[in-house]
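J.: Here it is: the structure, laid out below.
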Amino acid sequence: MNLRRLATIAGRLPPALALTVTLAGCDVTDDRFQYAWDTRRIVCSRSADDLTANIPWSTIEDQITTARDLESATLLHVHAPGINVSVERLAAIFDLADDLALAYITFPDLTPGAARAGIALSFDDDAVDEWFAVREMLRSRGVRATFFVTHYYRLTEDHRAKLAMLAADGHAIEAHAVEHLDAAVFIAEHGLTAYLEQEALPSITVLRDAGYTPTAFAYPFGVSDEAANDALLAHVERLRVGPRSCPY
């Protein structure tokens, strides 16, 4: 159990029991993947894919429960339903979120304010057909999610129409680079300016030109670069990284 969550639980107990809980605690949950409704502009997300990444359910369950305990927003991301993440895993996430009365939060909602328990679920990459296949599931469960889109220039008119319908349902459409390249590798080989001009900024601009209002950029593979962070935060409100680049 992480220290922040442990302190939250211990604070609800009589002093003697609180000390026992604190001394017995162990590190199970990493609360880096929780947004505490503060001023941070870089947030960290954990994969929930079970088909390709084989993320155990206990990890996801603990993260969602931590959001309830800390009144924070837990950040999870998946990729293509039926390919990377099972529909059963999605249903289990929604069942637990509903049981714990977590709000469904999109990335534009991640702004400083009153503490509240929520889940910020993202779908990554360009699997528009697979995303659209779970549209009715999302609608019937009242889920609002964020779709981080890469390879937008490759999307067919049908894909773009489906993406627009997802946006009309209340989901957020955000940027995920042009060619889904590793930022650290690209910058080491070609420089920061090239990354910004070829990969990051065009993926934001193309969405704005399509009528969306992107507020966030998610690094492919969750790998960021400090100089790129500073530059990109002049163009979006928030950056999403993964475990390897999480600064907390």
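J.: Hand me the list of helices (runs of 4 or more DSSP H) wholly inside the stretch 173-228 holding 1 or more residues that are in contact with a Ser or Thr (Cβ under 9 Å, 6 or more places away or on another chain), modelled with pLDDT of 95 or more and open to solvent by less than 50 Å² (accessible area, probe 1.4 Å).
T.: 183-190, 201-209
J.: What pairs can you find where one residue is in the stretch 170-193 and closer than 19 Å to Trp131 by Cα, the other is small (Gly, Ala, Ser) and open to solvent by 10 Å² or more (accessible area, probe 1.4 Å), and their Cβ atoms are less than 6 Å apart, with a gap of 6+ or different chains?
T.: Ile173/Ala167
J.: Within the set of pairs 6+ apart or on separate chains, which have a first residue in the stretch 108-124 that is of a type in the set (Lys, Arg), a second that is buried (at least 18 other Cβ atoms within 10 Å of the Cβ) and in a strand (DSSP E or B), and C-beta atoms under 9 Å apart?
T.: Arg116/Ala73
J.: Given the options Arg139, Arg144, name the one that is under 17 Å from the mean Cα position of the chain (by Cα), open to solvent by 40 Å² or more (accessible area, probe 1.4 Å) and charged (D, E, K, R).
T.: So the residue among Arg139, Arg144 that is under 17 Å from the mean Cα position of the chain (by Cα), open to solvent by 40 Å² or more (accessible area, probe 1.4 Å) and charged (D, E, K, R) is Arg144.
J.: Give the number of residues within the stretch 52-107 that are hydroxyl-bearing (Ser, Thr, Tyr), free of Cβ contacts under 8 Å to residues at least 60 places away in the same chain and farther than 20 Å from Arg238 by Cα.
T.: Of the residues in the stretch 52-107, 5 are hydroxyl-bearing (Ser, Thr, Tyr), free of Cβ contacts under 8 Å to residues at least 60 places away in the same chain and farther than 20 Å from Arg238 by Cα.
J.: Out of everything in the stretch 81-132 that is of a type in the set (Gly, Ala, Ser) and in a loop (DSSP other than H, G, I, E, B), what residue ends up being nearest to Arg68 (Cα to Cα)?
T.: Ala117
J.: Scan (1) surrounded by 17 or more Cβ atoms within 10 Å (Cβ to Cβ); (2) out of contact with any Ser or Thr (no Cβ under 9 Å at 6 or more places or on another chain); (3) among the β-branched types (Val, Ile, Thr) for the single condition Val236 breaks and write down its number.
T.: Only one criterion in (1) surrounded by 17 or more Cβ atoms within 10 Å (Cβ to Cβ); (2) out of contact with any Ser or Thr (no Cβ under 9 Å at 6 or more places or on another chain); (3) among the β-branched types (Val, Ile, Thr) is unmet by Val236, namely (2).
Every residue, every condition in (1) among the β-branched types (Val, Ile, Thr); (2) over 14 Å from the mean Cα position of the chain (by Cα); (3) crowded, with 17+ Cβ neighbours inside 10 Å, yes or no:
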site: Thr106; (1), (2), (3): yes, no, yes
site: Leu110; (1), (2), (3): no, no, yes
site: Ala114; (1), (2), (3): no, yes, no
site: Gly118; (1), (2), (3): no, no, yes
site: Arg135; (1), (2), (3): no, yes, no
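J.: Follow-up. Mind listing whichever residues of the stretch 36-54 are open to solvent by 20 Å² or more (accessible area, probe 1.4 Å) and under 16 Å from Asp230 (Cα atoms)?
T.: If we filter the stretch 36-54 for residues that are open to solvent by 20 Å² or more (accessible area, probe 1.4 Å), which is where we start, we get 36, 38-42, 46-47, 50-54.
Thr39, Arg40, Arg41, Ile42, listed by residue number.
The values are calculated or read from the model by the stated rules, or taken from the named source; none is laboratory data. Since this is a predicted model, take the numbers as computed values, not measurements. So basically every Cβ, Gly included, is an ideal-geometry build from the backbone, and we count neighbours across all protein chains shown. Note: areas computed on protein heavy atoms with side chains; ligands, DNA, RNA excluded. Shrake-Rupley method; radii C 1.70, N 1.55, O 1.52, S 1.80 Å.
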